[in-house]
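Here is the structure we will look at.
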Amino acid sequence: MDSEALASPAEGLSLPAPTSAPLYLAVGLALMLVSLVTSVLFVWAGGGLALWGAVGWWREMFPEEAKEFVPAQAESERAPEIVPVPGHVRNLVVGEGGHRVRLPLEYHPYSAGLKGGIAGGLAMALVAGVHGWLTQGSAWHVFNGFALIVLPFFGVAPGPELAGFHAGIALSAAVVHVVLSLLIGLVYASVLPMLPGHPRLWGGIVAPLVWTGAGFVSIELVEPGAAESIQWTVFIVLQIVFGMTAGEVISRSERVKTLQSFPLVARAGFEVDIEGDEL
Amino acid sequence: MSSSRHRERRFGKRARPQARARASRAFLGLLAGQGVAQADAGGGTPSLFLPVAEPAQSILDYGTLLVLICAVIFVVVMGLLALTVVRFRASAVDDGEEPPQIYGSDQLELAWTVVPVLIVIVLGLITAGRIVALQKDTPPAGSLAVRVVGHQWWWELEYPDHGFVTANELHLPLGQVAFLELESEDVIHSFWLPQLSGKLDVIPNRTNTMWIEPQKTGMFVGQCAEYCGTQHANMLLRVFVHAPEDFERWVRDQQQEARRVAAHAEGRALFATTACVNCHTVRGLSEIGSFGPDLTHLMSRTTLAAGAAVNDEARLVDWLTDPDHIKPGARMPAMKLSDAQIARLAGYLSSLE
Amino acid sequence: MTQPLALPMEPATWNRGRVGMACLIFGESTFFSVFVVAYLFYIGKSASGPQPSDVLEFPVFATVCLLSSSATAGLAVKALTQSNTVRAGLALALTVGLGAGFLGATANEWFGLIYGHGLTIGTNLFGTTFYSLVGFHAAHVGLGLLMLTLVLGGVLGGKVGAGDSERVEMVTWYWHFVDAVWIVVLTTVYVVGV
Amino acid sequence: MSASTETRVPEAAKRTTAGWSQSLHDWVTTVDHKRLGILYIAAGFFFLVIGGVEAILMRAQLAVPANTLLEPQEFNRLFTMHGTTMVFLVGMPIITGFGNYLIPLMIGARDMAFPRLNAWGFWMFLLGGIVLYMSYFASMGLYGAGTAPDVGWFAYAPLAGKAFSRGNATDYWILGILISGFGSVSGAINMVTTTLTMRCPGMKMNRLPLFVWMMLVVSFLILLALPVLTGAQVMLLFDRFMGAHFFDTQAGGDAVLWQHFFWFFGHPEVYILMIPGFAYASEIIPVFSRKVIFGYSFMVAATIAIGLVAVGVWAHHMFTVGLGKGLSVWFAVMTMIVGIPTGIKLFNWIATLYGGKILLRTPMLFCIGFIGQFLVAGLSGILLSGAPLNWQLSDSYFVVAHFHYVLIGGLVFTIFGACYYWFPKMTGRMLSERLGRWHFWLFFVGFHLTFTTMHVQGVLGMPRRIYTYPAERGWEVWNAISSSGAILQALGVAVFLFALVQAFRRPQWAGPDPWNAWTLEWSTSSPPPAYNFLTIPEVRSRRPLWDLKHPDDPDWEHE
């Protein structure tokens, strides 16, 4: 197929020829199906039409695909050649040579985010363990307490049994802890450098306070009374330990180019100054 | 999981602080107020914001949290959108310039991927916990057993421990967990009492279970929530929550056989000799009919035809003369009796208190 | 100068015919999986007899027919690409014969089930799911057989030659697919279900 | 923007047209993807008007409590036909129509891969629609004269079984959708094959316009989901005609199995209808922001992710059947996960707007409305995915509000946007901007009056699909508002139809590229010649026309 020779494409093209065969086939098949709810006569009528359509279709395709010659549009009807638009494109000034590029240019590598998340998570666990050991005499108490915060809805009631080690609770808490730590590390790595001011302030203090507040509200709404069983000071301290550590690790990671001097939106890749117009 | 059972028990016992009911009401105060005002008129608004039982209260609390989270997302994203559109609207004069073309930012994409992931993790955990806490597969100790059978288009309600059957009006004692077994005689229905519990489908060949722990006396409405045919709209349901001693009295009344009033002997005979008995049971007269509602204490119910009409003698006459007039498409046939016969029959039926 | 509808990106590997047939097979697979799921779901749930273990026998003959017909179909395409129309015709005829053998075996089985054991589509859930699953497969075999017969006619009449090997290969793709479905049906009905 | 709009009358429009019978014959026998696309869209709008009339009748019945305008059976038929029509006879053909029309033009091809199959698919769809509506006249069941099906658009077993649905009404429902389903599947095969094999030189997969990418995902979903519905409907036919027991509860059949099958189709179907909406928005928003789409590869990845997750969430339509704890948790969490890729898309659209030069022409108005409404739809979807809350909200008017936000707020708004955007390409004529604004604002206000209030009715305990309700429920105010909104929406659509007529009576010629856009379809004349491109174009980037318009600063230097 597609082998018809033309003198020149400028004169026209051959395209698949119009045909009523698909319509016949469709009507035939529909009639055959509708015979179920109408009359058995429709099977024969529909079958005949469908066969007619199928044969017609076959003849459209074999031995050669049926084609129709379509003359080319007159020159005046054709879309004119596209001409370059007058006016110009505003360029970015950040980046190489004032050009448009994917922004931001250089950042903390994602691995730094993961590392930061792990470091923060470990630091948090360490502090929590020491605190539990000093105050309650058992490092597991706080771990279970953490499980209670993260999984307050699986029926872990506060009580004396929290002092011991429970494989199930510890494991599920650990999984959630690790996942959350890694994810928050990633967010830190991508977002922290865009924020104005000091990244350690945002990552170490503001963010932990925000999510602690959100957590407090949610727990109180879902399970009134559950909030009482949580030592919120310890909780906040732990979150801040996480935030500081993760933020620190990430901030220290190697950045080829820092964009600290640009405003947030520019660093996010949205907007730029329009000082240098031309290349 | 012993601890989870512990939690479930705590759940039922907790007296709900008034403060939270108030908070919920404040959430949509206008709607709620309207509901309260009309509740005594025999209907009222079955608003989710006026829970009178567990688990409806717990679901509302959970829902409020979800709504809050979604509201925050809504405000942030909608605000961004509005600000963007306002700020970057093209000026009326076209300067012919194209703005800077920015292809994307992996950091931003990562941020707005991971933050929703975190939200989903938290929401998922909360939701999982709620599901586990609110679904009970076995009846709690000391619960009241009720068997609910959905029919096209009415509810059969059986109290197996007390040995009687009624229809369309569920009576429950205050503070006691009722454990409902839901079954269907024909198609799928859905049992829904918005102020008391979520809905649960009533499915042929299956038994679903649901629990309700009423915390307030009164009458509350609900209805079938799964389209079940012509009269789906009039498959209404009423719940009466009584103080325990009132409930006991109601149970004792229901356990009685049907009253025999000498004045209605003719109507009674008519009932027993016509097709009525093929479908309806009147304990003490005929107990073979099971297709239609049990009529033993018909007049103890406030409505007729699953809430389609008020239950009084005049409407009974209407109903017997032409059921389609009250509830078009109802399974009850017009009996083609004379007016006198219908009057006698209605008289007898209205004596079944 | 040739003017195709479009210049294909990689003409040799993924042309219109292949992608179209692959899509059709994908859609057909999801269609069959519904019936397989229904069959698996209702195993052992029939309210009354007969049960599969009472009446079903492992269809050795039909299976051999259908599986080997896939091989002969492949041979036919190979022969056609090498312009060996005689061998292609022979292989196609063998394929059609084996396919017809499969349909015959199925018809024989159904005859036995209906008249020997009184199992119809309305007897119980087993009958319902069995006849619809096996029946739809047999219908697809029938459709494939029709296409193969047309190709065979073309080859015998000298109208289908090496130039059409691509199209013929697409027909055999469909045939291989029908064959693969049979393996699933076989596993579901005659192994898992008994 | 309007710099390139032409006032010259195209030669084609001046030429005397052939007689109407010749013209009809040309359209009926056509295998041209552009004509078929227009046929699909026109048929879709025809059914949209029918479905809209059905909706207005229902809203009239529900405007006041205890209304007697409609008999219960009439009402039940109306919502069944309305739902079926809107999903299968409006949504599906319009998305297929735009796909048909635009895919070859956007990838630089001369037609679809299988032009005749394309024609067959259209006729199957149209005949399916005709068969469905024949039920109003022809299905002689127990009720005597003809009746339409009244089992709801998802026809739950056993209500749709022989025992509870006598006569042939339900059979017409099955057959109509079955027949049109063949059309949809063949259309999907065609779109996948065209996209994969007919691209012009240089049109690598990572240069496909987002529209084409999204239609590719949609086509895969159609291939995955529609045969499941076909299979389930065949089972139901067997039950009804041959005494089979698939969904016959009296013989041990399972009522819930139908729901699993139906929603395994039905949920992907939601994305089949919704992703084209994303596709239109992803083409329109960049052009009217004068910016390249933000995060192209993430948009593609998010679309594919939605397609994948779509397969694993179907039972969130079934939280109330008593799924058990494990399945409830699984489907709740999976459903929430859908929110992540959807969120990525929303943010990318907003980021595209940000820093751009936003031209609030009619197509853009509809797309901005879409972003906001789709946000609400997504968030109410999150609420519904929380299984415990779903136990309250499922099957209530809240759900009705939610899916109308998705399908009207999301899909219909973008379809209107797409109409205003591509109508000039299809006909060579502009649609009136003034009428377009009237259309938008009437429809926008009407939509919110009708459907925003429905959230409230749901929360107040009003179940869906009831033909009447008692006065004392406290629902009447909200229902009255809903019904009044329906009138505004109808007015909006009327303005649109009037604008279509105006475009032909007083043509305002568009020229090949009225929007100063960047994809290949704008490089050929409006309407395009039968062969689309005289010479097959060659592209070097995602925005070939940008490259031509800015030769000093082309895209391919940056992608």
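Of note:
- Any chance C:SER53 is surrounded by fewer than 15 Cβ atoms within 10 Å (Cβ to Cβ), more than 10 Å from chain D (Cβ to nearest Cβ) and not in a helix (DSSP H, G or I): no
- None of B:GLY44, B:GLY63 is at the interface with another protein chain (Cβ under 7 Å from one of its Cβ atoms), in contact with a strand residue (DSSP E or B) (Cβ under 7 Å, 6 or more places away or on another chain) and closer than 30 Å to B:ALA178 by Cα except B:GLY44.
- First in segment D:456-468 and facing chain B (nearest Cβ under 7 Å), second anywhere and acidic (Asp, Glu) and assigned to a loop (DSSP other than H, G, I, E, B), Cβ under 6 Å, 6 or more apart: D:PRO463/D:ASP395
- Annotation: D:PHE416 fulfils all but one of (1) open to solvent by less than 10 Å² (accessible area, probe 1.4 Å); (2) farther than 30 Å from D:LEU39 by Cβ; the unmet one is (2).
- In segment D:469-501, of all residues being free of Cβ contacts under 8 Å to residues at least 12 places away in the same chain and β-branched (Val, Ile, Thr), the one that is surrounded by the fewest Cβ atoms within 10 Å (Cβ to Cβ) corresponds to D:VAL501.
- Count of residues meeting criterion [open to solvent by 60 Å² or more (accessible area, probe 1.4 Å) and modelled with pLDDT of 55 or more] in segment A:77-105: 6
- Residue list for segment D:513-524, restricted to those being open to solvent by 20 Å² or more (accessible area, probe 1.4 Å) and either under 17 Å from D:TYR101 (Cα atoms) or free of Cβ contacts under 8 Å to residues at least 40 places away in the same chain (or both): D:SER523
- Within segment B:295-353, the set of residues being within 14 Å of another protein chain (Cβ to nearest Cβ), open to solvent by 50 Å² or more (accessible area, probe 1.4 Å) and not hydroxyl-bearing (Ser, Thr, Tyr) comprises B:VAL310, B:ASP324, B:HIS325, B:ARG331.
- Qualifying residue in segment C:126-140 (condition: out of contact with any Gly (no Cβ under 7 Å at 6 or more places or on another chain), surrounded by fewer than 17 Cβ atoms within 10 Å (Cβ to Cβ) and at pLDDT 90 or above): yes
- Qualifying residue in segment A:146-159 (condition: within 12 Å of chain B (Cβ to nearest Cβ) and at pLDDT 75 or above): no
- Residues satisfying the stated conditions in segment D:75-100, i.e. under 15 Å from D:LYS34 (Cβ atoms) and touching a His at 6+ places or on another chain (Cβ under 9 Å): D:ASN100
- All positions within segment D:305-337 that are among the aliphatic types (A, V, I, L, M) and open to solvent by less than 10 Å² (accessible area, probe 1.4 Å): D:ILE306, D:ALA310, D:VAL313, D:ALA315, D:MET318, D:VAL321, D:ALA332, D:MET336
- Residue within segment B:224-231 that is touching a residue at least 60 places away in the same chain (Cβ under 8 Å) and part of a strand (DSSP E or B) present: no
- Any hit, segment B:243-256, residues being open to solvent by 20 Å² or more (accessible area, probe 1.4 Å), of a type outside the set (D, E, K, R) and in contact with a Pro (Cβ under 6 Å, 6 or more places away or on another chain): yes
- The single condition among (1) out of contact with any strand residue (DSSP E or B) (no Cβ under 6 Å at 6 or more places or on another chain); (2) of a type in the set (S, T, N, Q); (3) within 7 Å of chain B (Cβ to nearest Cβ) that D:THR320 does not satisfy is (1).
- Among the residues listed as B:ALA330, B:ALA340, B:ALA308, B:ALA346, the single one being small (Gly, Ala, Ser), without any contact (Cβ under 8 Å) to a residue 40 or more places away in the chain and on the phi < 0 side of the Ramachandran plot: B:ALA340
- Residue in segment D:150-168 that is at pLDDT below 95, surrounded by fewer than 23 Cβ atoms within 10 Å (Cβ to Cβ), under 21 Å from the mean Cα position of the chain (by Cα) and more than 11 Å from every other protein chain (Cβ to nearest Cβ) present: no
- Residue match in segment D:210-223 (condition: within 17 Å of the chain's Cα centre (by Cα) and among the hydroxyl-bearing types (Ser, Thr, Tyr)): yes
- When segment B:316-327 is filtered for residues that are of a type outside the set (Phe, Trp, Tyr) and in contact with a helix residue (DSSP H, G or I) (Cβ under 7 Å, 6 or more places away or on another chain), the ones remaining, listed by number, are B:LEU316, B:VAL317, B:ASP318, B:LEU320, B:THR321, B:HIS325, B:ILE326, B:LYS327.
- Checked against the criterion of being farther than 19 Å from B:PHE247 by Cβ, touching a strand residue (DSSP E or B) at 6+ places or on another chain (Cβ under 7 Å), facing another protein chain (nearest Cβ under 7 Å) and open to solvent by 10 Å² or more (accessible area, probe 1.4 Å), the candidates B:ASP201, B:ASP137, B:ASP186 yield just one match: B:ASP186.
- When segment C:83-99 is filtered for residues that are within 20 Å of the chain's Cα centre (by Cα) and in contact (Cβ under 8 Å) with a residue 40 or more places away in the chain, the ones remaining, listed by number, are C:ALA88, C:GLY89, C:LEU92, C:ALA93, C:THR95, C:VAL96, C:GLY99.
- For segment D:153-178, the set of residues classified as of a type outside the set (Gly, Ala, Ser) and more than 20 Å from D:ALA251 (Cα to Cα) consists of D:TRP153, D:PHE154, D:ASN168, D:THR170, D:ASP171, D:TYR172, D:TRP173, D:ILE174, D:LEU175, D:ILE177, D:LEU178, listed by residue number.
- Residues of segment D:240-262 that are open to solvent by less than 20 Å² (accessible area, probe 1.4 Å) and in a helix (DSSP H, G or I): D:ARG240, D:THR249, D:ALA255, D:VAL256, D:LEU257, D:TRP258, D:GLN259, D:PHE261, D:PHE262.
- Taking the criterion of being over 30 Å from D:TRP153 (Cα atoms) and open to solvent by less than 10 Å² (accessible area, probe 1.4 Å), the residues of segment D:269-285 that qualify are D:SER282, D:ILE284, D:ILE285.
- D:PRO544 meets each of the listed conditions (1) within 13 Å of another protein chain (Cβ to nearest Cβ); (2) open to solvent by 30 Å² or more (accessible area, probe 1.4 Å); (3) under 19 Å from D:GLY202 (Cα atoms) apart from (2).
- Qualifying residues in segment B:287-314 (those that are part of a helix (DSSP H, G or I) and touching a helix residue (DSSP H, G or I) at 6+ places or on another chain (Cβ under 7 Å)) - the one nearest to B:VAL277 (Cα to Cα): B:LEU298
- If you filter segment C:30-47 down to residues that are closer than 12 Å to D:MET235 by Cα and facing another protein chain (nearest Cβ under 7 Å), you find that the one that is most open to solvent (accessible area, probe 1.4 Å) is C:PHE31.
The values are calculated or read from the model by the stated rules, or taken from the named source; none is laboratory data. Keep in mind it's a predicted model, so treat the numbers as computed, not measured. Here Cβ is always computed from backbone atoms with ideal geometry, including for glycine, and neighbour counts include all displayed protein chains. Accessible surface is based on the protein model in full, side chains and every heavy atom, while ligands, DNA and RNA are left aside. Shrake-Rupley method; radii C 1.70, N 1.55, O 1.52, S 1.80 Å.
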